[in-house]
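These notes are about the structure you will find just below.
The values are calculated or read from the model by the stated rules, or taken from the named source; none is laboratory data. Nothing here was measured: the structure is a model prediction, and the numbers come from that model. When we count neighbours, we look across all protein chains shown, and the Cβ atoms used for this are built from the backbone with ideal geometry, even at glycine. Quick note on the areas: whole protein, heavy atoms, side chains included, nothing else; ligands and nucleic acids left out. Shrake-Rupley method; radii C 1.70, N 1.55, O 1.52, S 1.80 Å.
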Amino acid sequence: MDIVVCVSGGGTNLQAIIDKVADGTISDTRIVGVISNNADAYALTRAKLAGIDAVCVSPKNYDDREAFNEALLNTVDKYDPDLVVLAGFLVNIPATMVAKYRNKIINIHPSLIPSFCGKGCYGLKVHEKALERGVKVTGATVHFVDEGTDTGPIILQKAVEVMEGDTPEVLQRRVMEQAEWIILPKAIDMIAKGYKIS
Ligand code: GRF
């Protein structure tokens with residue numbers, strides 16, 4: 001199964017995928033490309049170090065959102081992937097791309113959806129909201145991407161304990177280590193083995 005991974009930041013979720021393809025935890029899968037909207041994303045360096053084709057498609061290089069969306073979709077199409085993985089990708093996927101890759105785009109969100117998700121709720125903000133609310137358990141979710149924000153069919157979730165005195169940064173790291181870096185590769189492996197939404 002050929003996958004493209006879309007990234008915006010540090011790329012720790014990408015690194016988990018690279019490592020688990022290499023050690024066989026993710027079966028029958030090849031990362032054919034990494035796409036970032038952010039030229040400075042360390043995720044691009046991780047891809048290059050792993051010998052994976054890595055490109056930047058930045059909104060800054062296009063006159064408007066329409067032109068960016070078209071460039072993003074054209075770039076994905078060039079790799080002809082079986083699956084598109086959003087791993088810390090902070091871009092709203094255009095409806096044209098959702099339609100063309102229906103149930104072939106998955107996303108990792110750092111909470112137990114439907115908690116702490118939706119427009120504007122991403123990255124550290126998710127953990128700030130969880131701590132503000134005082135939840136005792138949070139976690140991460142892998143879901144198929146539809147036209148909404150964090151609203152597509154859920155594939156996997158994993159719970160993580162909130163500890164006394166947690167800061168958003170400490171909680172984010174625990175959720176990444178104990179949930180994101182486990183369930184995103186697992187979801188890819190499931191799909192490689194034929195998993196489809198029921
Ligand atoms: C993490 O908070 C992750 O939950 C979210 O993006 C952040 C950075 O992820 N999806 P990464 O290190 O770039 O994979």
Other residues with Cβ under 15 Å from the Cβ of Asp40 give, with Lys and Arg +1 and Asp and Glu -1, a net charge of +3
Quick calc: nm separation of the 7 Å Cα→Cβ label points for Thr75 and Lys125 -> 2.2
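Pairs Lys100/Lys196; Lys20/Lys129; Lys125/Lys158; Lys20/Lys196; Lys104/Lys193: which are spaced more than 24 Å apart, C-alpha to C-alpha?
On the way: Lys100/Lys196 17 Å; Lys20/Lys129 31 Å; Lys125/Lys158 19 Å; Lys20/Lys196 21 Å; Lys104/Lys193 14 Å.
Distance filter (> 24 Å) returns Lys20/Lys129.
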Helix 12-22: inclination vs the chain longest Cα principal axis, degrees, rounded to 10, gives 70
Chymotrypsin sites (Phe, Trp or Tyr not before Pro) in segment 13-98 lying in a DSSP loop, each with at most 15 other Cβ atoms within 10 Å of its Cβ, come to Tyr62
Per the C-alpha gyration tensor (a ≥ b ≥ c, the square roots of its eigenvalues), segment 1-102 is rounded if a/c is under 1.5, else prolate if a/b beats b/c, else oblate; here it's oblate
CD proxy, 222 nm, the chain: helix-only mean residue ellipticity via -39,500 (n - 2.57) per DSSP H run with n ≥ 4, per residue, nearest 500, stands at -10500 deg cm²/dmol
Connecting every pair of Cα atoms under 10 Å apart in the chain and solving the GNM, the largest mean-square fluctuation among Met163, Met176, Met97 falls on Met163
Output row, site Ala39, 7 Å Cα→C-beta label point, backbone N cut-off 12 Å, window segment 57-73, residues 57-62
Regression test value, accessible area per residue of the chain, probe 1.4 Å, units Å², expected 49
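By how many nm would the segment from Arg102 to Asp19 lengthen if fully extended, with 0.36 nm per residue of separation less the alpha-carbon distance?
Gain on stretching Arg102 to Asp19: 27.2 nm.
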Carbon/sulfur accessible area of the chain, % of total, 1.4 Å probe, equals 49
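For the chain, give me the percentage of DSSP beta bridges that are antiparallel, rounded to the nearest 5 percent.
So the antiparallel bridges in the chain amount to around 40 percent.
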Here FRET efficiency (C-beta to C-beta, Arg30 to Glu161, R₀ 41 Å, nearest 0.05) is 0.70
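Please return the longest range in the chain lying between exposed loop sites, taking trypsin sites (Lys or Arg not before Pro), DSSP loop only, at most 13 other beta-carbon atoms within 10 Å, and leaving the sites out.
On the way: sites that count: Arg102, Lys119, Lys136, Lys193, Lys196.
Within the chain, the longest run free of exposed trypsin sites (Lys or Arg not before Pro) spans 1-101.
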A student asked for the Cα radius of gyration and Dmax of the chain in angstrom ought to give 16.0, 48
Cβ-Cβ cut-off under 13 Å around Tyr195, Lys and Arg +1, Asp and Glu -1: the net charge is +1
